[in-house]
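**Q** This is the structure, below, for whatever I ask next.
The values are calculated or read from the model by the stated rules, or taken from the named source; none is laboratory data. For clarity, every value in this text was computed on a predicted model and none was experimentally measured. A quick note on method: Cβ atoms are made from the backbone with ideal geometry, for glycine too, and the neighbour counts reach across all protein chains shown. Please note that ligands, DNA and RNA were not included when accessible areas were found on the heavy atoms of the full protein model with its side chains. Shrake-Rupley method; radii C 1.70, N 1.55, O 1.52, S 1.80 Å.
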Amino acid sequence: MNKTKLTKIVLVDDHKLFREGVKRILEFEPSFEVVAEGDDGSVASELVKMHDPDVVLMDINMPNINGVQATADLVENYPDAHVIILSIHDDESYVTHALKTGARGYLLKEMDSDSLIEAIKVVSEGGSYLHPKVTHNLVQEYRRLAKENTAGIAEYGIEYRKPLHLLTRRECEVLQLLAEGKSNRAVSESLYISEKTVKNHVSNILQKMNVNDRTQAVVSAIRKGWVEVL
């Protein structure tokens, strides 16, 4: 009988109560193991060197070395340790800075347990994951910049049109809701289908669009005029 491969996780956050809460959530997932904890970015490299984790959950705001600085160090020295930033900030400037530094994910601390678990699974497999609210904000900013840019969407005459040549009608509906920043649970509630069915639709969308994660799918769909973002 084959054992399930454990996803090893290092958790770095200076708020002990928050760490304990996150750890308690992760303990319910049999394929996850929190192998180490730290309270400052200065210990992140040492913990990664000692425990060789698959994923590092990193608070963005810490007293000595913040999460973005620590992430830059990890990406340079331990590229196999995929970092997910934990933050209270949903402003696109924080998000883009963290992603440019090399973070694979960005979660708001208001996340639910399902989003946390899904993010770890996606990132551990080499993908990227953004909190749905963050995705929505980035898309809104992209739309704003595109409208201001004389070489943007309007100049090329790209009009909104569902990609029915590529996706089913249901997959188009799911893609639209992803662009609106909805989580899998919110999509399931909006369309009256199960979360498992939503996950299957998302997987099909990514495969058909030839992208690695939902963020890439949404950005690509915006560029091609396949979704409306109000």
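**Q** Taking a cut-off of 17 Å between Cα atoms, list the lysines near Lys23, but don't count ones fewer than 8 places away on the same chain.
**A** Cα-Cα hits under 17 Å: Lys8, Lys109, Lys121.
**Q** If you stretched the chain out fully between Lys109 and Lys23, how much longer would it get, using 0.36 nm times the residue separation minus the C-alpha to C-alpha distance?
**A** 29.6 nm
**Q** Please state the relative contact order of the chain as a whole percent: Cα pairs under 8 Å, 6+ residues apart?
**A** Reported relative contact order: 14 percent.
**Q** Mean separation of Cα pairs under 8 Å and 6+ residues apart, divided by the residue count of the stretch 6-55: what relative contact order is that in percent? Can you show the working numbers first?
**A** Details: 70 pairs, mean separation 25.7, N = 50.
51 percent.
**Q** Here's a follow-up. What's the magnitude of the charge dipole for the stretch 6-66 around its Cα centre, counting Lys and Arg as +1 and Asp and Glu as -1 at the beta-carbon? Answer in Debye, nearest 20.
**A** Dipole size: approximately 40 debye.
**Q** Which ³J(HN,Hα) values in Hz, rounded to whole numbers, follow from the phi angles of the stretch 200-217 under the Karplus curve 6.51 cos²θ - 1.76 cosθ + 1.60, where θ = phi - 60° and Gly and Pro get x?
**A** Karplus-based 3J(HN,Hα) across the stretch 200-217 equals 5, 4, 4, 4, 5, 4, 4, 5, 5, 8, 6, 10, 8, 8, 5, 5, 4, 4 Hz.
**Q** Hey, what's the stretch 46-136 come to in accessible area per residue, 1.4 Å probe, Å²?
**A** Working: 3960 Å² over 91 residues.
Each residue of the stretch 46-136 exposes 44 Å² on average to a 1.4 Å probe.
**Q** If I take R0 = 41 Å and measure r between the Cβ atoms of Leu6 and Arg223 in this structure, what FRET efficiency does the formula 1/(1 + (r/R0)^6) give, to the nearest 0.05?
**A** E(calc), rounded to 0.05, equals 0.60.
**Q** Still on this structure, please answer the following. Can you send over the carbon and sulfur percentage of the accessible area for the chain, probe radius 1.4 Å, protein chains only?
**A** That share works out to 48 percent.
**Q** Suppose we keep just the alpha-carbon trace of the stretch 52-112; what are its Rg and Dmax in angstrom?
**A** 10.7, 31
**Q** While we're on this one: So what does the Cα-only Debye profile of the stretch 1-100 read at q = 0.13, 0.16, 0.18 Å⁻¹, as log10 I(q)/I(0), no solvent term?
**A** Each listed q corresponds, in turn, to -0.43, -0.65, -0.81.
**Q** Further, regarding this structure: What dipole magnitude, in Debye to the nearest 20, does the stretch 65-124 give about its Cα centre under +1 on Lys/Arg Cβ and -1 on Asp/Glu Cβ?
**A** My answer is approximately 160 debye.
**Q** Using only helices, what value at 222 nm comes out for the chain when you add -39,500 (n - 2.57) per DSSP H run of length 4 or more and divide by the total residues, to the nearest 500 deg cm²/dmol? Provide the component values of the computation, followed by the final result.
**A** Values: 10 runs with 115 residues, N = 230.
So the calculated ellipticity at 222 nm is -15500 deg cm²/dmol.
**Q** I need the calculated FRET efficiency for the pair Asn204 and Asn64, taking r as the beta carbon distance and R₀ as 35 Å, to the nearest 0.05.
**A** Step by step, r from the Cβ atoms, then E = 0.20.
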